[in-house]
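Notes follow once the structure below has been shown.
The values are calculated or read from the model by the stated rules, or taken from the named source; none is laboratory data. For clarity, every value in this text was computed on a predicted model and none was experimentally measured. Positions of Cβ are backbone-derived with ideal geometry, glycine not excepted, and every protein chain shown enters the neighbour counts.
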């Protein structure tokens, strides 16, 4: 039988299972619930109290999820966090490895371009390999530790990432326009991780090539001194997108986390870019001299690149926050 409470119950059980088995398990649960209702009510039409009794007999959605979960191995992080932890960890590790390799390859190209002898090329190659291995080991270890610590904190502090412990707390099955795309959340997590890795290991790859010379956009020494701001900026973004990935729909929780995260990120960006030394002074001079009077607009952008960069960042966070609030409120109205 088609019933909203049954559909919400089935959705709560299956939403975190692998997509390839969701439909089969949903059909199996519907059949099981229908059989139990027939056995309980006979030819009478089941009332809501009958449905609640049957669903209660089946167990909480979390208990059924654990039953159908193909991997219910327990570790430092237990149910219901473990499967999501593995999922997020996989994303972060892949992005970390990709970011490290990308940053080191581009950084290596810069070093090789400065080599003017066989000895220098050999030395640069050895440095490149040693740097790549060292950065991979350190970054992968830090990424693993961060994600593990985050979910261990959720687990031991009993921070709820799902509210399916009883029938009354079951969320409605989201409509298509109420869902948060997993792909979008994964891409956002990936961008935050790659941003963090690249800025901490090879910030010189953000540069302008002029007169056969690589001119870094950022002051490398200042970047190294403000590493903690970059870490906080990325961590806030990752936490926001992890919550979106877990929630899977626009909700009050997503709205609150997005507002807090985006406002925090904007303040961190202002703190970071408030330092006049963050931008390489040579970049403004070089780009300004490149444009004549006919290129005054571009010349003004590069002479005020720090303010221009900050404006884009704040605009992006404000737009994302407004869109999220609008979609959450619209979803709540329905």
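For region 1-32, what are the residues that are over 33 Å from the mean Cα position of the chain (by Cα) and either over 11 Å from residue 64 (Cβ atoms) or not assigned by TED's automatic domain parsing to the domain that holds residue 52 (or both)?
1, 2, 3, 30, 31
Condition check ((1) within 20 Å of residue 84 (Cβ to Cβ); (2) modelled with pLDDT of 70 or more; (3) not in a helix (DSSP H, G or I)) across all residues:
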{"site": "135", "(1), (2), (3)": "no, yes, no"}
{"site": "138", "(1), (2), (3)": "no, yes, no"}
{"site": "152", "(1), (2), (3)": "yes, yes, no"}
{"site": "163", "(1), (2), (3)": "yes, no, yes"}
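Go through region 218-268 and count every residue that is without any contact (Cβ under 8 Å) to a residue 60 or more places away in the chain and not in a helix (DSSP H, G or I).
1
Of (1) at pLDDT 80 or above; (2) in a strand (DSSP E or B), residue 200 satisfies all except one. Which?
(2)
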